[in-house]
Ligand SMILES: Nc1ncnc2c1ncn2[C@@H]1O[C@H](COP(=O)(O)OP(=O)(O)OP(=O)(O)O)[C@@H](O)[C@H]1O
């Protein structure tokens, strides 16, 4: 299978009403893996359906490996696109065994070559001994791997994964994700994974495209979108954040945590974005002391909620699991590395206010830690 690059430009898709995707652009390098991350209803599945040819866009263009699949009057049929699609539920046929499911959809002549099923099963980390089992005799993770094997059977240059791991429990999810990545890399397939799980997006892909309300608000490497989010909302969506009001003065900013170094210069009213892992707990100091409000222990690490003396702000630190303080302890705080600041008047690309956001912003992930008030 040869790898194909994907180029999507000004893609607009609607279902009769206002556009669900609005002039969307995206490039995926040949053999690359892009995660499309966004809240529920932002248009992620619609993007995959347009790529697969299941929905006709109202505008824009889709090219795979230089071949136009969709543009103006051109609309290549789904079965002629060379694209494999794995849905959230796997969608296996209950009355067919694993072999029948994997071979389904192949031309009749090729279906006879049942010997090709074993290597495919091995490729996705399944024992060929399972070949005669029906889907109801498989675990959820095994079913997802069969669905992936079925998608790979046609040797597609492009594989689209629509939240294929979301119904699996944590351990199975990690193992299935790993097997999927390995299988895709071995085949050199260009892959787009849709997910609303930020950790999955950051670990799975070499490019992350963040979608809000039918538009990409940022596309970049996992480190870029996590470490240098385009807006406070992108920052909050990708992981826990505290957003503190501050005054930028070039390379430094003054806020409740003192004078901090900025990753990029800023001047005037700003919102300082700090991730819990950037807040370091030390021995109580004269510089900045906080009281531990609560501790949630997770094993490798712990989330520590803190209140600053003389302030109503609540802070959150992520600390190593072997150095966990107790509630009511007094601790010193430090922010040793440079932080990001956003102009506090800035309106993000999706038109919402650039203010600190609540835990379930836009139906997004919960657990976002805005620096809140006690009041
Ligand atoms: N067949 C359809 N007819 C009309 N509207 C639709 C159809 N499919 C999706 N939509 C609407 O399009 C919008 C985007 O839906 P889509 O499924 O692409 O979002 P998503 O980001 O994949 O969401 P989720 O994470 O919940 O799967 C939603 O408002 C949805 O209600």
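The values are calculated or read from the model by the stated rules, or taken from the named source; none is laboratory data. Everything numeric in this text was worked out from a predicted model, so none of it was measured. All Cβ positions, even for glycine, are placed from backbone atoms using ideal geometry, and neighbour counts span all protein chains on display.
Computed quantities for the displayed model
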item	result
Residue check for residue 193: in contact (Cβ under 8 Å) with a residue 40 or more places away in the chain and either crowded, with 19+ Cβ neighbours inside 10 Å or within 16 Å of the ligand (Cβ to nearest atom) (or both)	yes
Residue in the stretch 21-28 that is assigned to a loop (DSSP other than H, G, I, E, B) and either free of Cβ contacts under 8 Å to residues at least 60 places away in the same chain or under 18 Å from residue 207 (Cα atoms) (or both) present	no
Matching entry among 225, 208 (being surrounded by 18 or more Cβ atoms within 10 Å (Cβ to Cβ) and assigned to a helix (DSSP H, G or I))	225
Some residue of the stretch 83-94 being touching a helix residue (DSSP H, G or I) at 6+ places or on another chain (Cβ under 7 Å), modelled with pLDDT of 90 or more, farther than 30 Å from residue 137 by Cβ and crowded, with 16+ Cβ neighbours inside 10 Å	no
Residue list for the stretch 22-55, restricted to those being closer than 20 Å to residue 71 by Cα, within 14 Å of the ligand (Cβ to nearest atom) and touching a helix residue (DSSP H, G or I) at 6+ places or on another chain (Cβ under 8 Å)	24, 52, 54, 55
Enumeration of residues in the stretch 70-100 that are within 16 Å of the ligand (Cβ to nearest atom) and not in a loop (DSSP other than H, G, I, E, B)	78, 85, 86
Options 290, 341, 296, 302: the member that is outside any loop (DSSP other than H, G, I, E, B) and closer than 22 Å to residue 231 by Cα	341
